[in-house]
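**Student:** The following block contains the structure, expressed as C-alpha coordinates.
The values are calculated or read from the model by the stated rules, or taken from the named source; none is laboratory data. All values derive from a computational prediction rather than experimental measurement. Using ideal geometry, Cβ is built from the backbone for each residue, glycine included, and neighbour counts are taken over all protein chains shown.
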2 protein chains.
Amino acid sequence: MKKAGGEGKRGMLSRCLILETALRLVDAEGVESLSMRRLASELGVFPTALYHYVPSKAALMRGIVEVVLAKVELPGRDGRTWQERLRALARSFRGVAHAHPRLLPQLVAYPEATPEEYGFYEALYEALEEAGLDAAEIVRASTLMFSYVTGFTLAEISGTLGPLTKAEREDLVSLPHEKFPVTRRLTPHISGVDLDENFEFGINVLLSGFAATAERGVGSPQQ
Amino acid sequence: MKKAGGEGKRGMLSRCLILETALRLVDAEGVESLSMRRLASELGVFPTALYHYVPSKAALMRGIVEVVLAKVELPGRDGRTWQERLRALARSFRGVAHAHPRLLPQLVAYPEATPEEYGFYEALYEALEEAGLDAAEIVRASTLMFSYVTGFTLAEISGTLGPLTKAEREDLVSLPHEKFPVTRRLTPHISGVDLDENFEFGINVLLSGFAATAERGVGSPQQ
DNA sequence: ACCTGAACACCGTTCAAGT
DNA sequence: ACCTGAACACCGTTCAAGT
(Lines give C-alpha, C1' and ligand atoms only; values in the text may rest on other atoms or scores of the structure.)
Protein backbone atom coordinates (compact mmCIF):
# COMPACT_ATOMS: atom_id res chain seq x y z
CA MET A 1 0.00 0.00 0.00
CA LYS A 2 2.83 2.42 -0.82
CA LYS A 3 2.61 5.01 -3.55
CA ALA A 4 0.93 3.92 -6.80
CA GLY A 5 3.62 5.03 -9.22
CA GLY A 6 6.71 7.17 -9.41
CA GLU A 7 4.94 10.49 -8.87
CA GLY A 8 7.28 13.35 -8.05
CA LYS A 9 7.14 14.80 -4.58
CA ARG A 10 5.81 18.21 -5.50
CA GLY A 11 3.43 19.91 -7.91
CA MET A 12 2.13 16.59 -9.11
CA LEU A 13 -1.09 16.89 -7.14
CA SER A 14 -4.17 18.60 -8.56
CA ARG A 15 -7.90 18.66 -7.97
CA CYS A 16 -8.44 16.82 -11.23
CA LEU A 17 -5.96 14.05 -10.42
CA ILE A 18 -7.50 13.68 -6.97
CA LEU A 19 -11.02 13.33 -8.38
CA GLU A 20 -9.94 10.86 -11.08
CA THR A 21 -8.06 8.72 -8.57
CA ALA A 22 -10.98 8.82 -6.14
CA LEU A 23 -13.38 7.77 -8.89
CA ARG A 24 -11.11 4.89 -9.87
CA LEU A 25 -10.99 3.79 -6.24
CA VAL A 26 -14.78 3.95 -5.91
CA ASP A 27 -15.29 2.04 -9.16
CA ALA A 28 -12.86 -0.65 -8.08
CA GLU A 29 -13.67 -1.08 -4.40
CA GLY A 30 -16.86 0.84 -3.63
CA VAL A 31 -17.69 4.07 -1.83
CA GLU A 32 -17.08 2.50 1.57
CA SER A 33 -13.41 2.02 0.63
CA LEU A 34 -12.94 5.66 -0.22
CA SER A 35 -11.29 7.53 2.63
CA MET A 36 -9.07 10.56 2.68
CA ARG A 37 -6.27 8.47 4.13
CA ARG A 38 -6.62 5.66 1.62
CA LEU A 39 -6.86 8.10 -1.27
CA ALA A 40 -3.77 9.93 -0.04
CA SER A 41 -1.73 6.74 0.19
CA GLU A 42 -2.89 5.85 -3.32
CA LEU A 43 -1.47 9.19 -4.46
CA GLY A 44 1.77 8.73 -2.49
CA VAL A 45 1.06 11.71 -0.30
CA PHE A 46 0.03 12.56 3.26
CA PRO A 47 -3.71 12.68 3.97
CA THR A 48 -3.56 16.32 4.96
CA ALA A 49 -2.15 17.34 1.58
CA LEU A 50 -5.56 16.67 0.00
CA TYR A 51 -7.11 19.50 1.96
CA HIS A 52 -5.31 22.02 -0.21
CA TYR A 53 -7.47 20.98 -3.16
CA VAL A 54 -10.66 19.75 -1.55
CA PRO A 55 -12.16 21.29 1.60
CA SER A 56 -13.73 18.09 2.97
CA LYS A 57 -14.67 14.53 2.15
CA ALA A 58 -18.22 15.66 1.35
CA ALA A 59 -16.84 18.08 -1.24
CA LEU A 60 -14.73 15.28 -2.66
CA MET A 61 -17.83 13.12 -3.15
CA ARG A 62 -19.68 16.04 -4.69
CA GLY A 63 -16.78 16.54 -7.09
CA ILE A 64 -16.78 12.90 -8.20
CA VAL A 65 -20.53 13.02 -8.76
CA GLU A 66 -20.13 16.08 -10.98
CA VAL A 67 -17.42 14.40 -13.02
CA VAL A 68 -19.67 11.41 -13.66
CA LEU A 69 -22.82 13.43 -14.36
CA ALA A 70 -20.91 15.36 -17.00
CA LYS A 71 -20.55 12.11 -18.95
CA VAL A 72 -24.28 11.93 -19.69
CA GLU A 73 -24.73 12.81 -23.38
CA LEU A 74 -27.28 15.53 -23.99
CA PRO A 75 -29.11 15.25 -27.32
CA GLY A 76 -29.04 18.51 -29.28
CA ARG A 77 -32.06 19.80 -31.17
CA ASP A 78 -31.14 17.80 -34.25
CA GLY A 79 -33.23 15.93 -36.83
CA ARG A 80 -34.58 13.36 -34.40
CA THR A 81 -38.12 13.35 -33.01
CA TRP A 82 -38.78 14.33 -29.40
CA GLN A 83 -39.43 10.64 -28.62
CA GLU A 84 -36.04 9.62 -29.97
CA ARG A 85 -34.30 12.36 -28.03
CA LEU A 86 -35.96 11.45 -24.73
CA ARG A 87 -35.13 7.81 -25.29
CA ALA A 88 -31.50 8.67 -26.07
CA LEU A 89 -31.23 10.79 -22.93
CA ALA A 90 -32.67 8.00 -20.77
CA ARG A 91 -30.34 5.41 -22.31
CA SER A 92 -27.33 7.66 -21.89
CA PHE A 93 -28.01 8.16 -18.19
CA ARG A 94 -28.50 4.43 -17.73
CA GLY A 95 -25.27 3.74 -19.60
CA VAL A 96 -23.26 6.11 -17.42
CA ALA A 97 -24.84 4.54 -14.34
CA HIS A 98 -23.73 1.10 -15.50
CA ALA A 99 -20.22 2.41 -16.02
CA HIS A 100 -20.07 3.51 -12.36
CA PRO A 101 -22.52 1.25 -10.52
CA ARG A 102 -20.97 1.69 -7.09
CA LEU A 103 -21.39 5.46 -7.25
CA LEU A 104 -25.03 5.39 -8.35
CA PRO A 105 -26.65 5.81 -4.92
CA GLN A 106 -24.74 9.07 -4.37
CA LEU A 107 -25.38 10.04 -7.97
CA VAL A 108 -29.15 10.01 -7.64
CA ALA A 109 -29.34 11.33 -4.09
CA TYR A 110 -27.26 14.47 -4.51
CA PRO A 111 -29.32 17.64 -4.66
CA GLU A 112 -26.93 19.18 -7.10
CA ALA A 113 -27.64 22.32 -9.03
CA THR A 114 -24.64 22.24 -11.33
CA PRO A 115 -24.89 23.54 -14.91
CA GLU A 116 -24.61 19.91 -16.07
CA GLU A 117 -27.83 19.03 -14.32
CA TYR A 118 -29.55 22.07 -15.79
CA GLY A 119 -28.37 20.90 -19.20
CA PHE A 120 -30.02 17.58 -18.45
CA TYR A 121 -33.29 19.29 -17.59
CA GLU A 122 -33.09 21.70 -20.52
CA ALA A 123 -32.94 18.74 -22.90
CA LEU A 124 -35.90 17.15 -21.13
CA TYR A 125 -37.96 20.35 -21.15
CA GLU A 126 -37.16 21.09 -24.76
CA ALA A 127 -38.31 17.68 -25.98
CA LEU A 128 -41.47 17.76 -23.87
CA GLU A 129 -42.34 21.20 -25.20
CA GLU A 130 -42.04 19.89 -28.73
CA ALA A 131 -44.36 17.05 -27.69
CA GLY A 132 -47.04 19.68 -27.19
CA LEU A 133 -47.33 19.80 -23.40
CA ASP A 134 -48.12 23.06 -21.62
CA ALA A 135 -45.81 24.58 -19.02
CA ALA A 136 -47.26 22.83 -15.96
CA GLU A 137 -47.37 19.49 -17.78
CA ILE A 138 -43.76 19.82 -18.92
CA VAL A 139 -42.51 20.20 -15.37
CA ARG A 140 -44.55 17.24 -14.14
CA ALA A 141 -43.68 15.02 -17.09
CA SER A 142 -39.98 15.81 -16.66
CA THR A 143 -39.98 14.68 -13.02
CA LEU A 144 -41.90 11.55 -14.03
CA MET A 145 -39.25 10.77 -16.62
CA PHE A 146 -36.40 11.62 -14.24
CA SER A 147 -37.89 9.58 -11.39
CA TYR A 148 -38.44 6.52 -13.55
CA VAL A 149 -34.96 6.53 -15.08
CA THR A 150 -33.13 7.05 -11.79
CA GLY A 151 -35.43 4.69 -9.89
CA PHE A 152 -35.05 1.93 -12.45
CA THR A 153 -31.28 2.12 -12.74
CA LEU A 154 -30.92 2.26 -8.96
CA ALA A 155 -33.18 -0.76 -8.54
CA GLU A 156 -31.40 -2.85 -11.15
CA ILE A 157 -27.94 -1.99 -9.88
CA SER A 158 -28.98 -2.63 -6.27
CA GLY A 159 -30.04 -6.10 -7.33
CA THR A 160 -33.73 -5.56 -6.59
CA LEU A 161 -34.56 -6.25 -10.23
CA GLY A 162 -33.01 -8.63 -12.65
CA PRO A 163 -32.37 -12.33 -12.93
CA LEU A 164 -32.61 -14.01 -9.58
CA THR A 165 -29.78 -15.75 -7.83
CA LYS A 166 -30.21 -19.40 -6.97
CA ALA A 167 -30.99 -18.55 -3.35
CA GLU A 168 -33.61 -16.01 -4.38
CA ARG A 169 -35.28 -18.54 -6.66
CA GLU A 170 -35.52 -20.98 -3.78
CA ASP A 171 -36.97 -18.27 -1.53
CA LEU A 172 -39.52 -17.50 -4.21
CA VAL A 173 -40.54 -21.12 -4.72
CA SER A 174 -40.93 -21.66 -0.99
CA LEU A 175 -43.48 -18.84 -0.59
CA PRO A 176 -46.89 -20.16 0.49
CA HIS A 177 -49.40 -20.40 -2.35
CA GLU A 178 -52.23 -19.06 -0.17
CA LYS A 179 -50.57 -15.72 0.66
CA PHE A 180 -48.69 -15.21 -2.61
CA PRO A 181 -50.78 -16.83 -5.37
CA VAL A 182 -49.96 -14.37 -8.16
CA THR A 183 -46.26 -14.22 -7.31
CA ARG A 184 -46.08 -18.02 -7.43
CA ARG A 185 -47.87 -18.14 -10.76
CA LEU A 186 -45.50 -15.51 -12.20
CA THR A 187 -42.30 -17.11 -10.90
CA PRO A 188 -40.88 -18.19 -14.28
CA HIS A 189 -41.52 -14.74 -15.76
CA ILE A 190 -39.96 -12.99 -12.76
CA SER A 191 -36.72 -14.94 -12.91
CA GLY A 192 -36.44 -14.55 -16.67
CA VAL A 193 -36.70 -10.77 -17.01
CA ASP A 194 -34.62 -9.01 -19.63
CA LEU A 195 -33.65 -5.71 -18.01
CA ASP A 196 -33.06 -3.88 -21.29
CA GLU A 197 -36.53 -4.81 -22.55
CA ASN A 198 -38.00 -3.97 -19.17
CA PHE A 199 -36.40 -0.52 -19.23
CA GLU A 200 -37.66 0.19 -22.76
CA PHE A 201 -41.17 -0.94 -21.80
CA GLY A 202 -41.27 1.82 -19.19
CA ILE A 203 -39.97 4.40 -21.64
CA ASN A 204 -42.65 3.31 -24.14
CA VAL A 205 -45.42 3.75 -21.59
CA LEU A 206 -44.14 7.19 -20.60
CA LEU A 207 -43.70 8.41 -24.18
CA SER A 208 -47.19 7.38 -25.23
CA GLY A 209 -48.52 8.80 -21.97
CA PHE A 210 -46.94 12.16 -22.83
CA ALA A 211 -48.41 12.02 -26.34
CA ALA A 212 -51.84 11.23 -24.89
CA THR A 213 -51.79 14.14 -22.43
CA ALA A 214 -50.71 16.47 -25.23
CA GLU A 215 -53.58 15.29 -27.47
CA ARG A 216 -56.08 15.71 -24.67
CA GLY A 217 -54.98 19.34 -24.69
CA VAL A 218 -55.40 19.87 -20.97
CA GLY A 219 -54.17 18.33 -17.70
CA SER A 220 -55.10 14.68 -17.25
CA PRO A 221 -58.56 14.39 -15.63
CA GLN A 222 -58.97 10.67 -16.33
CA GLN A 223 -60.37 9.72 -12.96
CA MET B 1 -23.77 11.59 26.37
CA LYS B 2 -24.37 9.18 29.27
CA LYS B 3 -27.14 6.63 29.26
CA ALA B 4 -30.53 7.77 27.98
CA GLY B 5 -32.67 6.63 30.88
CA GLY B 6 -32.53 4.48 33.96
CA GLU B 7 -32.30 1.16 32.14
CA GLY B 8 -31.30 -1.77 34.35
CA LYS B 9 -27.87 -3.24 33.86
CA ARG B 10 -28.95 -6.65 32.64
CA GLY B 11 -31.63 -8.32 30.54
CA MET B 12 -32.91 -4.97 29.35
CA LEU B 13 -31.26 -5.27 25.95
CA SER B 14 -33.01 -6.93 23.02
CA ARG B 15 -32.79 -6.96 19.26
CA CYS B 16 -36.08 -5.08 19.08
CA LEU B 17 -34.99 -2.34 21.49
CA ILE B 18 -31.70 -1.99 19.61
CA LEU B 19 -33.45 -1.59 16.26
CA GLU B 20 -36.00 0.89 17.63
CA THR B 21 -33.30 2.99 19.26
CA ALA B 22 -31.17 2.90 16.13
CA LEU B 23 -34.14 4.00 14.02
CA ARG B 24 -34.86 6.88 16.43
CA LEU B 25 -31.22 7.92 16.17
CA VAL B 26 -31.27 7.80 12.36
CA ASP B 27 -34.53 9.75 12.20
CA ALA B 28 -33.19 12.40 14.54
CA GLU B 29 -29.61 12.81 13.35
CA GLY B 30 -29.18 10.91 10.10
CA VAL B 31 -27.50 7.67 9.06
CA GLU B 32 -24.04 9.21 9.34
CA SER B 33 -24.61 9.64 13.09
CA LEU B 34 -25.45 6.01 13.61
CA SER B 35 -22.47 4.09 14.93
CA MET B 36 -22.24 1.02 17.11
CA ARG B 37 -20.47 3.09 19.77
CA ARG B 38 -22.96 5.92 19.71
CA LEU B 39 -25.91 3.52 19.75
CA ALA B 40 -24.40 1.63 22.66
CA SER B 41 -23.92 4.79 24.69
CA GLU B 42 -27.51 5.75 23.90
CA LEU B 43 -28.54 2.40 25.41
CA GLY B 44 -26.26 2.80 28.40
CA VAL B 45 -24.18 -0.19 27.45
CA PHE B 46 -20.76 -1.06 26.08
CA PRO B 47 -20.41 -1.16 22.28
CA THR B 48 -19.47 -4.82 22.29
CA ALA B 49 -22.71 -5.81 24.02
CA LEU B 50 -24.61 -5.09 20.81
CA TYR B 51 -22.83 -7.91 19.02
CA HIS B 52 -24.85 -10.44 21.00
CA TYR B 53 -27.99 -9.36 19.18
CA VAL B 54 -26.70 -8.10 15.85
CA PRO B 55 -23.73 -9.64 14.01
CA SER B 56 -22.49 -6.44 12.36
CA LYS B 57 -23.36 -2.88 11.55
CA ALA B 58 -24.53 -3.94 8.11
CA ALA B 59 -26.97 -6.37 9.71
CA LEU B 60 -28.15 -3.56 11.97
CA MET B 61 -28.92 -1.36 8.97
CA ARG B 62 -30.68 -4.25 7.27
CA GLY B 63 -32.80 -4.75 10.38
CA ILE B 64 -33.85 -1.11 10.52
CA VAL B 65 -34.79 -1.17 6.85
CA GLU B 66 -37.00 -4.22 7.43
CA VAL B 67 -38.74 -2.55 10.38
CA VAL B 68 -39.56 0.48 8.23
CA LEU B 69 -40.59 -1.51 5.13
CA ALA B 70 -43.06 -3.43 7.29
CA LYS B 71 -44.92 -0.16 7.86
CA VAL B 72 -46.03 0.06 4.24
CA GLU B 73 -49.75 -0.78 4.14
CA LEU B 74 -50.65 -3.48 1.65
CA PRO B 75 -54.13 -3.15 0.17
CA GLY B 76 -56.13 -6.38 0.41
CA ARG B 77 -58.31 -7.64 -2.40
CA ASP B 78 -61.25 -5.60 -1.17
CA GLY B 79 -64.01 -3.71 -2.97
CA ARG B 80 -61.70 -1.15 -4.54
CA THR B 81 -60.68 -1.10 -8.21
CA TRP B 82 -57.16 -2.09 -9.21
CA GLN B 83 -56.43 1.57 -9.92
CA GLU B 84 -57.43 2.58 -6.40
CA ARG B 85 -55.34 -0.19 -4.88
CA LEU B 86 -52.20 0.69 -6.88
CA ARG B 87 -52.64 4.34 -5.96
CA ALA B 88 -53.08 3.45 -2.28
CA LEU B 89 -49.94 1.30 -2.34
CA ALA B 90 -47.91 4.09 -3.96
CA ARG B 91 -49.17 6.66 -1.48
CA SER B 92 -48.48 4.38 1.46
CA PHE B 93 -44.87 3.86 0.42
CA ARG B 94 -44.42 7.59 -0.08
CA GLY B 95 -45.96 8.26 3.32
CA VAL B 96 -43.61 5.85 5.07
CA ALA B 97 -40.67 7.40 3.21
CA HIS B 98 -41.68 10.85 4.45
CA ALA B 99 -41.88 9.51 8.00
CA HIS B 100 -38.22 8.36 7.77
CA PRO B 101 -36.61 10.62 5.16
CA ARG B 102 -33.05 10.14 6.36
CA LEU B 103 -33.28 6.38 5.91
CA LEU B 104 -34.75 6.50 2.41
CA PRO B 105 -31.49 6.05 0.45
CA GLN B 106 -30.80 2.78 2.26
CA LEU B 107 -34.46 1.85 1.98
CA VAL B 108 -34.50 1.91 -1.81
CA ALA B 109 -31.00 0.58 -2.37
CA TYR B 110 -31.24 -2.58 -0.29
CA PRO B 111 -31.66 -5.73 -2.37
CA GLU B 112 -33.84 -7.28 0.27
CA ALA B 113 -35.89 -10.38 -0.29
CA THR B 114 -37.84 -10.31 2.94
CA PRO B 115 -41.44 -11.59 3.05
CA GLU B 116 -42.52 -7.98 3.48
CA GLU B 117 -41.11 -7.06 0.12
CA TYR B 118 -42.77 -10.06 -1.49
CA GLY B 119 -46.03 -8.87 0.05
CA PHE B 120 -45.44 -5.54 -1.65
CA TYR B 121 -44.92 -7.23 -5.00
CA GLU B 122 -47.83 -9.62 -4.54
CA ALA B 123 -50.16 -6.64 -4.11
CA LEU B 124 -48.68 -5.03 -7.23
CA TYR B 125 -48.93 -8.21 -9.30
CA GLU B 126 -52.46 -8.93 -8.14
CA ALA B 127 -53.75 -5.49 -9.14
CA LEU B 128 -51.97 -5.56 -12.49
CA GLU B 129 -53.42 -8.98 -13.25
CA GLU B 130 -56.90 -7.64 -12.58
CA ALA B 131 -56.04 -4.79 -14.96
CA GLY B 132 -55.86 -7.38 -17.71
CA LEU B 133 -52.11 -7.54 -18.39
CA ASP B 134 -50.45 -10.81 -19.39
CA ALA B 135 -47.64 -12.38 -17.35
CA ALA B 136 -44.73 -10.65 -19.09
CA GLU B 137 -46.51 -7.29 -18.98
CA ILE B 138 -47.30 -7.64 -15.29
CA VAL B 139 -43.64 -8.06 -14.41
CA ARG B 140 -42.60 -5.09 -16.53
CA ALA B 141 -45.41 -2.87 -15.34
CA SER B 142 -44.62 -3.69 -11.72
CA THR B 143 -41.01 -2.59 -12.07
CA LEU B 144 -42.16 0.56 -13.85
CA MET B 145 -44.47 1.34 -10.94
CA PHE B 146 -41.82 0.45 -8.36
CA SER B 147 -39.12 2.47 -10.10
CA TYR B 148 -41.29 5.56 -10.41
CA VAL B 149 -42.46 5.53 -6.80
CA THR B 150 -39.01 4.96 -5.31
CA GLY B 151 -37.32 7.32 -7.76
CA PHE B 152 -39.80 10.11 -7.12
CA THR B 153 -39.70 9.88 -3.33
CA LEU B 154 -35.92 9.69 -3.36
CA ALA B 155 -35.69 12.74 -5.62
CA GLU B 156 -38.09 14.84 -3.57
CA ILE B 157 -36.48 13.92 -0.27
CA SER B 158 -32.99 14.53 -1.64
CA GLY B 159 -34.12 18.03 -2.56
CA THR B 160 -33.76 17.51 -6.31
CA LEU B 161 -37.46 18.25 -6.77
CA GLY B 162 -39.69 20.63 -4.96
CA PRO B 163 -39.88 24.32 -4.25
CA LEU B 164 -36.53 25.99 -4.82
CA THR B 165 -34.51 27.69 -2.15
CA LYS B 166 -33.66 31.34 -2.63
CA ALA B 167 -30.14 30.45 -3.79
CA GLU B 168 -31.46 27.95 -6.33
CA ARG B 169 -33.88 30.53 -7.74
CA GLU B 170 -31.01 32.93 -8.23
CA ASP B 171 -28.95 30.24 -9.93
CA LEU B 172 -31.87 29.50 -12.21
CA VAL B 173 -32.44 33.13 -13.14
CA SER B 174 -28.77 33.64 -13.89
CA LEU B 175 -28.64 30.85 -16.49
CA PRO B 176 -27.88 32.19 -19.99
CA HIS B 177 -30.95 32.49 -22.21
CA GLU B 178 -29.08 31.15 -25.23
CA LYS B 179 -28.14 27.80 -23.70
CA PHE B 180 -31.20 27.29 -21.51
CA PRO B 181 -34.15 28.93 -23.30
CA VAL B 182 -36.87 26.50 -22.23
CA THR B 183 -35.64 26.30 -18.63
CA ARG B 184 -35.71 30.11 -18.40
CA ARG B 185 -39.22 30.28 -19.84
CA LEU B 186 -40.43 27.64 -17.38
CA THR B 187 -38.78 29.18 -14.30
CA PRO B 188 -42.02 30.28 -12.55
CA HIS B 189 -43.58 26.85 -13.06
CA ILE B 190 -40.46 25.07 -11.82
CA SER B 191 -40.26 26.99 -8.57
CA GLY B 192 -43.98 26.63 -7.92
CA VAL B 193 -44.38 22.84 -8.17
CA ASP B 194 -46.78 21.10 -5.86
CA LEU B 195 -45.12 17.78 -5.09
CA ASP B 196 -48.34 15.97 -4.20
CA GLU B 197 -49.94 16.95 -7.51
CA ASN B 198 -46.72 16.08 -9.32
CA PHE B 199 -46.67 12.62 -7.75
CA GLU B 200 -50.31 11.96 -8.65
CA PHE B 201 -49.69 13.11 -12.23
CA GLY B 202 -47.14 10.35 -12.63
CA ILE B 203 -49.47 7.77 -11.10
CA ASN B 204 -52.21 8.89 -13.50
CA VAL B 205 -49.96 8.46 -16.52
CA LEU B 206 -48.89 5.01 -15.38
CA LEU B 207 -52.41 3.80 -14.59
CA SER B 208 -53.79 4.89 -17.95
CA GLY B 209 -50.69 3.44 -19.60
CA PHE B 210 -51.42 0.08 -17.99
CA ALA B 211 -55.07 0.26 -19.09
CA ALA B 212 -53.96 1.08 -22.64
CA THR B 213 -51.52 -1.86 -22.87
CA ALA B 214 -54.23 -4.17 -21.54
CA GLU B 215 -56.74 -2.95 -24.16
CA ARG B 216 -54.21 -3.37 -26.93
CA GLY B 217 -54.15 -7.00 -25.86
CA VAL B 218 -50.47 -7.57 -26.64
CA GLY B 219 -47.08 -6.05 -25.74
CA SER B 220 -46.75 -2.40 -26.69
CA PRO B 221 -45.55 -2.03 -30.31
CA GLN B 222 -46.42 1.67 -30.56
CA GLN B 223 -43.41 2.83 -32.52
C1' DA C 1 -25.98 -16.20 28.38
C1' DC C 2 -24.89 -11.60 28.76
C1' DC C 3 -21.96 -7.85 29.52
C1' DT C 4 -17.24 -5.67 30.51
C1' DG C 5 -12.69 -4.03 29.30
C1' DA C 6 -8.77 -3.65 26.62
C1' DA C 7 -6.91 -3.75 22.25
C1' DC C 8 -6.21 -3.40 17.00
C1' DA C 9 -6.51 -1.24 12.85
C1' DC C 10 -8.73 2.15 11.05
C1' DC C 11 -11.41 7.03 10.29
C1' DG C 12 -11.94 12.91 9.18
C1' DT C 13 -10.01 17.04 10.40
C1' DT C 14 -7.10 20.75 12.73
C1' DC C 15 -2.99 23.03 13.55
C1' DA C 16 1.77 24.06 13.76
C1' DA C 17 5.49 23.62 11.48
C1' DG C 18 8.90 22.97 7.51
C1' DT C 19 10.63 24.20 2.52
C1' DA D 1 2.04 27.69 -1.90
C1' DC D 2 2.46 23.08 -0.96
C1' DC D 3 3.44 19.28 1.83
C1' DT D 4 4.85 17.05 6.41
C1' DG D 5 4.05 15.37 11.04
C1' DA D 6 1.78 14.98 15.21
C1' DA D 7 -2.40 15.12 17.48
C1' DC D 8 -7.55 14.82 18.68
C1' DA D 9 -11.74 12.70 18.77
C1' DC D 10 -13.77 9.36 16.71
C1' DC D 11 -14.83 4.49 14.08
C1' DG D 12 -16.07 -1.35 13.57
C1' DT D 13 -14.71 -5.50 15.35
C1' DT D 14 -12.15 -9.26 17.97
C1' DC D 15 -10.97 -11.62 21.95
C1' DA D 16 -10.31 -12.72 26.64
C1' DA D 17 -12.23 -12.32 30.57
C1' DG D 18 -15.86 -11.69 34.37
C1' DT D 19 -20.67 -12.90 36.48
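**Student:** Can you name the condition, by its number, that A:Glu178 falls short on among (1) crowded, with 18+ Cβ neighbours inside 10 Å; (2) more than 9 Å from every other protein chain (Cβ to nearest Cβ); (3) over 19 Å from the mean Cα position of the chain (by Cα)?
**Tutor:** (1)
**Student:** Select the helices (runs of 4 or more DSSP H) contained entirely in the range A:1-107, then report the ones holding at least 1 residues which are crowded, with 16+ Cβ neighbours inside 10 Å, in contact (Cβ under 8 Å) with a residue 12 or more places away in the chain and within 16 Å of DNA strand C (Cβ to nearest atom).
**Tutor:** Answer list for the range A:1-107: A:15-29, A:36-42, A:57-69.
**Student:** Might you check whether a residue that is more than 30 Å from A:Ser33 (Cβ to Cβ), at the interface with chain B (Cβ under 7 Å from one of its Cβ atoms), crowded, with 17+ Cβ neighbours inside 10 Å and modelled with pLDDT under 95 occurs anywhere in the range A:149-165?
**Tutor:** Within the range A:149-165 (the criterion being more than 30 Å from A:Ser33 (Cβ to Cβ), at the interface with chain B (Cβ under 7 Å from one of its Cβ atoms), crowded, with 17+ Cβ neighbours inside 10 Å and modelled with pLDDT under 95), the answer is no, since none of the residues qualifies.
**Student:** Right, something else. Scan the range A:172-208 for residues that are of a type in the set (Gly, Ala, Ser), part of a helix (DSSP H, G or I) and touching a residue at least 12 places away in the same chain (Cβ under 8 Å) and jot them down.
**Tutor:** Scanning the range A:172-208 gives A:Ser191, A:Gly202.
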